[in-house]
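The values are calculated or read from the model by the stated rules, or taken from the named source; none is laboratory data. Note that the structure is predicted; figures quoted are calculated from it, not measured. Because the Cβ atoms are built from the backbone with ideal geometry, glycine has one as well, and the counts that use them run over all protein chains shown. Heads up: the accessible areas ignore ligands, DNA and RNA and are worked out on the full protein's heavy atoms, side chains in. Shrake-Rupley method; radii C 1.70, N 1.55, O 1.52, S 1.80 Å.
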Amino acid sequence: SPGAQTWTTPRSLVGGVACRFSQSLAGVGDRAVYAWSCDGDGVLTNDLDQEIFYCEWTNGVWSAEKQLTVDTVADKNVRAALGSGGTSYLVWQHGTDLVMSQGFSTNLTLVRPDSQTAGFADYALTLGRNGNLVLLWQEMSPDGPDAHYRVYDPASGLWSQDMLLCRDASLERSFTPVWDDAG
């Protein structure tokens, strides 16, 4: 509570979830989304039964868990973002591609094909004030590992091409993006 400057008593958000791998929490105002991937049978030699789940915080209460994907394609490595207008975005690896669900729709948008390199095991997703999603990941370039990005424009509904964020000798990984007041 920002007004009282206190924390609530800890509570279980989602209990009894075995074989949960990735998880992501996003919030804005009085809304939040918690998303995760889960392996259905716990047999880790076959990831084709990994699916995406989520629950929402609205009106001071968490919803029951909901399953978004039901298929025989590996669905893993989910990231969540929530816009100020309440629009939810989930991005994850669907087989070899990176896909997006807007508003928990099962009609998926291709974000980036062939996104199975090691850099996508640790990608970041952030949403700016103007509704632009930014995806950051590490990829090899001629100079070695460098930070790359793509931007989603909600007005056109399109993702940009891959762009190089920086090129230097240092290793870039484990991104934690934030936005300033200028966007």
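Restricting attention to the range 1-47, the residues that are loosely packed, with under 11 Cβ neighbours inside 10 Å and of a type in the set (Phe, Trp, Tyr) add up to 1.
For the range 48-70, what are the residues that are of a type outside the set (Lys, Arg) and either open to solvent by 50 Å² or more (accessible area, probe 1.4 Å) or free of Cβ contacts under 8 Å to residues at least 12 places away in the same chain (or both)? Hits for the range 48-70 are 48, 57, 58, 59, 61, 62, 63, 64, 65, 67, 70. Among the residues here, residue 92 does not qualify as modelled with pLDDT under 95 and either among the aromatic types (Phe, Trp, Tyr) or over 26 Å from residue 31 (Cα atoms) (or both).
Here residue 87 meets each of (1) within 21 Å of residue 160 (Cβ to Cβ); (2) buried (at least 16 other Cβ atoms within 10 Å of the Cβ); (3) of a type in the set (Ser, Thr, Tyr) with one exception, condition (2).
In the range 155-177, is there at least one residue being exposed (fewer than 12 other Cβ atoms within 10 Å of the Cβ), within 15 Å of the chain's Cα centre (by Cα) and either β-branched (Val, Ile, Thr) or within 14 Å of residue 79 (Cβ to Cβ) (or both)? Yes, that holds for at least one residue.
Looking across the range 90-109, the residues that are open to solvent by 30 Å² or more (accessible area, probe 1.4 Å), in contact (Cβ under 8 Å) with a residue 24 or more places away in the chain and not in a loop (DSSP other than H, G, I, E, B) come down to 94, 109.
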